[in-house]
Structures are given as C-alpha cells and as structure tokens.
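Everything on this sheet refers to the single structure shown next.
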Amino acid sequence: MNEESRLRGIVLDVVTIAVLALVLLPIIWVFIASIRPDADIMTRSLIPARITFDHFANIFARADFLVALRNSLIVGAIVAICTVLIAIPAAYSLSRFTYLGRDFIGFLILATQMLPAVAVLVPIVVIIRSLGMANTLTALTFTHLALGLPIAVWMLKGYIDAVPRELEEASIIDGSSQIGAMFRITLPLIRPAVVAVGTFAFVLSWGEFILALALITSAEVKTLPLALQTLFDPYSFSWGVVMAGGVVIAAPTIVLFLLFRNQLVGGLTAGGIKG
Amino acid sequence: MTVPTADTERRPFGDIALPYALVAPAVLVALAIAVIPLLYALWLSFQDWYLLRNPQPVWGGLVNFQALFADAALWRAFWRTWIWTIGTVAVEVALALPLALLLNRDTTIARMASALILLPWVMPFIVLGYGWRFLLDSEVGALHSVFQFFGLAGNSSILNDPNLALAIIIFISGWKGMPFMVLALLAALKSIPGELYEAAAIDGASPWQRFTTITLPAIQNTMLIIGLVLGILAFYSFDLPWIMTRGGPQDATTVLGISMYKAVFTDLRPAYAAAISVVMLAILAVASFLSLKLRRRQ
C-alpha cells in the first residue's frame with residue numbers, strides 16, 4: 001500500500017512536469033528563439049543546435065531600443081516609488097484609525113482596481129491631450145500609478161493590521177508621536193511587503209501596453225512594449241531579434257516574480273477576489 | 001460606516017485631520033484616474049464631436065447612442081465580445097480544473113509547478129502576443145506546421161483565417177488567464193478536509209463519485225466567482241487581439257475594446273467612443289451587481 005502510493009506520487013510528479021512543460025511551451029519557445037541564429041529558427045525544432053547572442057547584441061545596439069529601455073526604467077522606477085510613498089500612509093490610515101468615511105474611502109480605492117484600463121481609456125486620452133500632455137512621460141507615469149496603487153494599499157493594510165498596536169503604543173508612551181511610531185516601529189516590520197508592493201508596481205508599469213499605445217506616439221518617449229512593435233520592421237525583421245526584445249521585457253518580470261512570489265500571490269488573490 | 005467616537009469634539013483638529021491627510025494622496029489618484037474620467041466619459045458621450053467636422057465638442061444629446069444602436073459593425077463586435085468572453089472563461093476553467101487537481105499535492109515538484117504555472121498570468125501581453133504570433137507564423141512557426149499536418153492550416157497562418165483566428169486567440173486569452181483560476185481553485189481544494197475523502201473511500205465511492213460529490217460542490221463557488229472576475233477582464237480585452245491581429249482579418253477578432261480604440265484613433269470620433277465605453281460600463285455594472293448577489297448567497 002505504502003509502496004504503491006509512493007509510486008503513484010512519482011508518476012504524478014512526472015506527469016506534472018510534462019504538463020507544466022507543455023503549458024509553458026510558448027514561453028520556453030520565446031526564450032529559445034532569442035538565442036539561436038535566424039537560419040536555425042527556420043527549422044522549427046525545439047532543441048537549439050547552435051547558440052548565439054547576436055540578437056541581444058543587435059537590439060542593444062539600436063538607439064531606439066535603448067531610449068525605450070531608459071524610458072521604461074524611469075517610468076517604472078517613479079511609479080514604484082510614488083506607489084509606495086502614497087500607499088504606506090493610506091494603508092496606515094485605513095488600518096489604524098476609525099473615522100467618518102473610512103469604509104467608503106477604502107471601497108473607492110479598491111474599486112479603481114476593478115476598473116479595467118480600457119474602461120477609462122477614452123476620457124483619459126481626451127483629458128491628457130487637452131492638457132497638452134500627450135507624448136510626455138509625466139502623463140504616462142501618472143496613469144500608471146493607478147495600476148498598482150489600489151492593490152498596494154490593500155496589501156499593506158493587511159500587513160499593518162497584523163502588527164500589534166501595543167508595539168506602537170509602547171513607543172508613544174516613550175514619547176514619540178503616532179507618525180513617529182509608524183516610522184520607527186511599524187514600517188521596519190512591514191518592509192518586505194513594502195518592497196514587494198513597489199516591485200509589483202514596477203512590473204505592472206514595465207509591461208503596460210494600452211495606455212502607452214494611446215498616449216505615446218513620438219519615438220523619444222516610447223516605452224519598451226511600444227519599441228517591441230517597432231522591431232517588427234515589415235521589410236527586414238528577424239524573429240530572433242523580436243524574441244530577444246520580448247525576453248528583455250519578460251526577464252525582470254520573471255525574476256522579480258520568482259523573488260517575491262509569496263507576496264505577489266497574496267496580492268493577486270486580494271486584488272482579484274476582494275471587493 | 002464608522003461612527004465617530006464621543007470624544008471627537010475634545011480632540012484637537014490635528015488629530016481629526018491626520019487620518020484624512022494620510023489617505024488623501026491615494027484618494028486624489030483614485031479621483032483623477034477613475035472617478036473624474038468616468039464622469040467625463042459620461043458627459044462626453046452626450047456631445048457631438050467628430051474631429052474632422054468640428055474641433056470642439058457641442059451638445060448632441062443622444063446622437064451617439066442613436067448612432068451606436070444603428071451601427072451594424074458595432075453590433076457584430078458586441079456579439080463577438082460575448083463569444084470571446086464566454087469562450088475565454090470556458091478555456092480558463094477547462095485548463096485550470098485538471099491542472100489544479102494535478103497540482104493539489106504536497107510534493108516539492110507540485111509546489112514548484114504551482115509557482116511556475118503563474119508565468120503566463122504575470123508576463124506582459126506584448127511578449128506573449130508576439131511569442132504566439134511567432135509560433136503561428138507560416139514561415140517559421142512550429143505550431144503552424146502542426147496545424148498544417150492536421151489539415152487545419154493551409155499555406156498561410158491560421159491568423160489569416162477569420163474563424164480560426166478568433167478561435168485561437170480566444171484559446172490564447174484563456175491560456176493567459178488560466179493561472180489565476182488555478183491559484184483560486186488550489187486554495188479551494190486545500191480547504192477540503194481530507195477526512196471527507198477517507199470516509200467516502202470507506203463507503204466504497206469511486207474516484208469519479210468522490211469528485212462529483214465532494215470536490216465539485218466544494219469548489220464550484222470559487223469557480224463561479226473567479227469566472228466572473230475573469231469574465232469581466234475578458235470583456236474588456238484589447239491588448240491580445242490588438243497585438244495578434246489588430247482586430248482582423250476582416251474584423252474577425254474586433255472585440256468592443258478594439259471598436260472603441262478605433263473609434264478614437266482611426267475614425268476620430270472621441271464622443272462616440274465615450275458612448276461605447278459608457279455602454280460597456282453599464283454592462284459591467286450589471287455583471288458586477290449579479291456577481292455580488294451571487295457571492296452574498298453563498
């Protein structure tokens with residue numbers, strides 16, 4: 001019986017690996033195509049016979065791609081920092097105080113999470129154009145704030161809820177203000193969550209497509225997802241180069257996801273199920 | 001709603017204002033990016049604004065909504081969006097249920113796989129879209145040669161065939177959203193007490209009977225709620241069909257999100273596009289209301 005169940009476990013593990021490989025095959029394919037010569041890509045086989053980093057050398061030699069990389073880094077970093085700076089006090093306020101309108105404010109912030117970007121695309125584009133801010137990274141950065149901020153507030157609120165009030169009260173008795181207690185006691189305790197939330201905001205901004213597509217047309221302010229489109233030169237494009245561009249966009253997402261898996265899974269479920 | 005405590009009056013103003021001040025920036029962002037645009041879209045939907053004719057919006061009453069109901073292409077996009085939405089959720093459930101059952105074991109492999117399975121969900125649309133275009137390309141695509149072998153595709157990619165293009169992009173859309181359903185189903189499966197299965201096994205229930213009488217009732221609420229959440233997301237799709245086919249061939253993959261985008265950027269009719277988004281929001285509101293009602297009942 002025991003022997004049988006162990007065998008069953010091994011068989012199921014093997015099946016799991018096979019199924020996982022099948023499900024992730026399209027992603028694996030992108031990675032493989034990015035490191036093989038274009039001539040080999042034509043053979044359509046899965047196993048790379050020769051490995052080359054020419055495609056990466058190629059895209060990193062392109063000025064438009066480097067500009068887009070810089071823009072994406074700037075927008076992503078500012079979005080991450082602002083998300084954290086706005087979300088921490090908001091989460092603290094929702095967690096630690098009781099006041100008139102608190103529940104409504106919490107609901108309002110969460111409701112913005114449920115609102116898809118497509119739903120507000122038209123008014124946002126019209127407003128930003130009439131403000132004369134189309135084709136600016138400032139406008140794009142501001143709209144990207146909405147991507148991760150609501151989840152950030154709710155995730156951090158959960159973490160702050162879990163920090164015992166007594167710790168802060170002890171600090172207040174010792175003479176610090178409530179805000180001082182937040183900075184000295186609570187903030188260090190929730191630091192891993194703060195890092196995760198910032199990462200999350202960065203990743204969402206990094207891969208965001210439709211707002212960038214709608215707001216940005218000039219080359220010098222394009223972000224990476226838009227630059228990937230321009231790699232698709234209809235006259236001479238190489239699948240290897242496009243896939244290498246895809247890997248550059250996907251890589252930080254995957255690395256940061258694997259680093260902050262647990263917090264992000266919590267965030268995904270909180271953002272999707274609550275509200 | 002919270003009630004202010006009795007000693008509110010005695011607290012200094014600073015203490016009362018503090019929590020509001022802390023939450024204010026987040027509220028401002030929510031107002032600027034959600035509430036104001038929604039109100040503006042509502043106002044805009046009653047304007048007559050065709051950029052080629054008049055550069056400034058003028059009051060048009062219901063002119064956009066009249067045009068909207070008479071727009072045959074938009075109606076086709078509307079019904080196509082329902083096929084798209086229901087198809088996407090169906091693919092998500094069909095892929096996620098067996099995967100969740102397979103991953104609901106406490107081994108190292110299963111735990112690692114439960115993490116890696118999330119990759120399609122976290123990766124940007126632009127990367128996955130181009131990855132799938134590559135796989136389906138008629139000259140270099142591995143999947144294209146598979147389809148060719150089975151006689152599904154001729155010499156050109158199935159993305160050029162109106163019916164097959166919609167079908168394959170719906171599948172890709174479901175594949176991308178599937179991990180979220182797996183995640184939720186795994187959580188639901190883990191909350192089923194093991195004793196139930198042991199008792200059923202003692203009573204001589206077959207694996208299928210155990211699945212239909214224990215597992216399915218325990219996870220069907222999760223499936224329904226997450227299906228609604230994913231359905232709302234699918235209803236608002238734009239990125240994937242745009243990246244894959246730009247809504248083509250012959251509008252075959254034009255869902256409402258793409259109709260709306262084209263109304264602004266191709267046809268230069270922002271007020272008309274706003275009317276489309278208002279109608280979409282009304283549908284979303286009804287769907288959310290129904291989902292909330294369902295959730296209360298459980």
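The values are calculated or read from the model by the stated rules, or taken from the named source; none is laboratory data. For clarity, every value in this text was computed on a predicted model and none was experimentally measured. Positions of Cβ are generated from backbone atoms using ideal geometry, with glycine treated the same way; all protein chains shown enter the neighbour counts. These accessible areas exclude ligands, DNA and RNA; they are computed on the full protein's heavy atoms, side chains included. Shrake-Rupley method; radii C 1.70, N 1.55, O 1.52, S 1.80 Å.
Whole-Hz Karplus values for region B:183-197 come out as 4, 5, 5, 4, 4, 5, 5, 5, 8, 7, x, x, 4, 4, 5 Hz, taken residue by residue from phi with 6.51 cos²θ - 1.76 cosθ + 1.60 and θ = phi - 60°; glycine and proline positions read x.
Tell me what chain A gives for mean residue ellipticity at 222 nm when only DSSP H runs of n ≥ 4 count, each as -39,500 (n - 2.57), the sum divided by the residue total, rounded to 500 deg cm²/dmol.
Value at 222 nm, helices only, nearest 500: -24000 deg cm²/dmol.
Coordinate range of the alpha-carbon atoms in region B:6-59 per principal axis, descending: 61, 18, 13 Å.
Taking amide H positions as modeled 1.01 Å from N, with prolines and chain starts lacking one, the residues under 5 Å from B:ASP48 and 5 or more places away or on another chain are B:VAL58, B:TRP59, B:GLY60. Amide H to amide H, with H built 1.01 Å from N, B:GLY248 comes under 5 Å of B:THR253, counting only residues 5 or more places away or on other chains. Counting only the Cα atoms, region B:136-281 fills a convex hull of 151 Å³ per residue. Globularity index of region A:123-233 is 1.50 (Cα radius of gyration / 2.2 N^0.38 Å, N = number of residues). Shielding value for A:109-115 is 5, the average number of Cβ atoms from other chains within 10 Å of each residue's Cβ. Averaging the Cα positions of each part gives two centres, and for region B:179-204 and region A:81-101 these lie 37 Å apart. Phi angles across region A:196-205 convert, under the Karplus curve 6.51 cos²θ - 1.76 cosθ + 1.60 with θ = phi - 60°, into 3J(HN,Hα) values of 4, 5, x, 4, 4, 4, 4, 5, 5, 5 Hz, Gly and Pro given as x.
Relative to the longest principal axis of the Cα atoms of chain A, helix A:25-34 runs at roughly 70 degrees. Radius of gyration over Kirkwood radius for chain A, both on Cα atoms: the Rg/Rh ratio is 1.07.
What whole-number volume per residue, in cubic angstrom, does the convex hull of the C-alpha atoms of the protein assembly as shown give?
Hull volume normalised by residue count: 204 Å³.
When the Cα convex hull of region A:13-96 is projected onto planes of every orientation, the mean area is 10.2 nm². Separation of region B:44-111 from region A:1-65 is 32 Å, based on Cα centroids.
For the residues of A:37-48, the average number of beta carbons from a partner chain within 10 Å of their own beta carbon is 2. For the protein assembly as shown, the solvent-accessible area with a 1.4 angstrom probe is 46 square angstrom per residue.
Partner lysines whose Cα lies under 28 Å from the Cα of B:LYS262, excluding those fewer than 8 positions away in the same chain, are identified as A:LYS222, B:LYS176. For a straight C-alpha distance cut-off of 23 angstrom, the lysines reachable from A:LYS157 (same-chain residues fewer than eight places away being disregarded) are A:LYS274.
Which value in Å is the Kirkwood Rh of region B:93-155 over different Cα pairs?
So the Kirkwood estimate lands at 14.1 Å.
Peptide B:101-113 is shielded by partner chain Cβ atoms: per residue, an average of 4 of them sit within 10 Å of its Cβ. Applying the Karplus relation 6.51 cos²θ - 1.76 cosθ + 1.60 with θ = phi - 60° to region B:198-205 yields 3J(HN,Hα) values of 4, 4, 5, 5, 5, 6, x, 6 Hz, where x marks Gly and Pro.
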